[in-house]
There are 2 protein chains.
Amino acid sequence: MQLWTLRIPTTQRVTRGVPTQSVGTINPHNPEDPMPALSTYQTPILADWVDYNGHLRDAFYLLIFSYATDAFMDRIGLACDDRDASGHSLFTLEAHINYLHEVKLDEEVEVRTQIVAHDSKRVQLYHSLYKTGGEQELAASEQMLLHVDLAAGPKAAPFSEQSLHALAALIEAQHDQPTPRYTGRVIGLPGKA
Amino acid sequence: MQLWTLRIPTTQRVTRGVPTQSVGTINPHNPEDPMPALSTYQTPILADWVDYNGHLRDAFYLLIFSYATDAFMDRIGLACDDRDASGHSLFTLEAHINYLHEVKLDEEVEVRTQIVAHDSKRVQLYHSLYKTGGEQELAASEQMLLHVDLAAGPKAAPFSEQSLHALAALIEAQHDQPTPRYTGRVIGLPGKA
């Protein structure tokens with residue numbers, strides 16, 4: 001049987017004493033603009049995450065996206081308390097990440113999250129990293145996550161009705177968002193299969 | 001201009017006082033067996049990397065692969081001292097990662113690395129995670145890395161003759177390795193495009 005990496009509850013995050021914020025809010029909406037993206041996570045770039053030049057190391061982009069997934073889970077009824085009560089969680093099956101621009105120590109960044117698709121037990125997310133309030137995509141990650149029953153194995157399990165309703169509401173709120181740029185990616189050298 | 005995440009020199013690794021090893025050695029070879037894989041990095045699973053259940057968090061699999069890339073760089077003449085001298089390094093353009101099995105606190109793991117392809121300035125790697133000496137693939141990551149001239153921008157630059165020779169020697173040593181399982185991956189729900 002295959003297992004997958006378990007997500008840390010929000011309250012167990014490795015923040016090392018530096019304040020990070022899980023916002024999980026949809027920005028205020030002007031009816032004349034497209035519905036804004038779901039901002040799932042904000043943080044400064046911490047000293048533990050950068051190299052000797054003060055640039056964010058590749059793996060720590062993914063850590064920021066991982067915290068964003070924690071915050072997303074809160075939005076669909078899989079917050080820490082709920083997981084403890086329900087015995088369900090999300091496991092990461094696969095993640096793709098594109099590095100577009102360097103990010104430096106102490107910069108304030110946010111993750112914006114779109115639901116690409118889901119079925120009865122999987123959800124496909126697209127996380128984008130921006131400077132907080134900024135317009136330039138710094139990195140992008142497409143991910144496939146599996147809903148699991150922890151007590152049963154862990155074992156793949158259908159989403160609850162509550163989670164399915166929350167997913168539907170988020171998709172409806174995001175229906176006019178632009179199509180994510182870095183999805184369906186295959187790694188290969190230019191000009192080669 | 002696009003920038004990419006800069007790799008930390010080996011000597012600057014965030015080890016938090018716990019000994020990790022960058023081995024970068026090809027295992028002893030019995031002429032009757034296929035040439036063994038290049039073991040690029042070994043480490044125990046550190047307390048900073050696991051969740052409340054003692055399982056390795058998704059982003060820290062990628063951190064272990066990131067250290068393996070540092071060790072790989074040492075093998076092709078891009079070690080810390082060489083980078084300082086030459087002003088060249090590798091930047092991560094894109095990484096795909098598949099999570100196959102959970103990994104627990106204090107387990108000893110190793111990364112085995114294959115070169116999938118390269119051209120004059122890019123190298124495509126396949127990192128696999130195993131328990132040290134084990135046979136079961138725990139996670140896999142296909143990555144595209146770009147050789148850059150740090151002083152010029154950073155800016156994409158051709159590999160040196162020394163690096164090209166080292167790449168050719170590693171490819172020759174690995175020519176009878178099995179084809180990596182998790183390459184050419186596209187994320188999508190089963191039964192959907």
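Computed from the coordinates by the stated procedures, all read-outs in this text should not be read as laboratory data. Computed from a predicted structure; not experimentally measured. Note that we place each Cβ from the backbone using ideal geometry, even for glycine, and neighbour counts take in every protein chain shown.
A straight chain from A:Ala47 to A:Leu164 at 0.36 nm per residue would run longer than the Cα-Cα distance by 38.3 nm. The same position A:Val186 in the other copies lies at 0.7 nm from this copy, comparing label points 7 Å beyond Cα toward the beta-carbon, shortest first. Copy-to-copy label distances for B:Lys104, where each label lies 7 Å from Cα along Cα-to-Cβ, are 4.5 nm in order of increasing length. Sequentially through segment A:112-123, phi angles give Karplus couplings (6.51, -1.76, 1.60; θ = phi - 60°) of 10, 10, 10, 8, 7, 6, 7, 10, 5, 9, 10, 9 Hz, Gly and Pro residues having no value and appearing as x. Once you have a ≥ b ≥ c as the square roots of the Cα gyration tensor eigenvalues for segment A:34-173, tell me rounded if a/c is under 1.5, and otherwise prolate or oblate according to whether a/b is larger than b/c. In terms of gyration-tensor shape, prolate. Taking amide H as placed 1.01 Å from N in the peptide plane, the amide H of B:Leu93 sits under 5 Å from that of B:Met144, B:Leu145, B:Leu146, each at least 5 places away or on another chain.
Here B:His175 yields copy-to-copy label distances, from shortest upward, of 5.9 nm, the label point defined as 7 Å from Cα along Cα to C-beta. Near B:Leu100, the amide H atoms lying under 5 Å from its own belong to B:Ala139, B:Ala140; only residues 5 or more places off or on other chains count, and H is placed 1.01 Å from N.
Taking amide H atoms as placed 1.01 Å from N in the peptide plane, the amide H of A:Ala117 lies under 5 Å from those of A:Gln124, each 5 or more residues away in sequence or on another chain.
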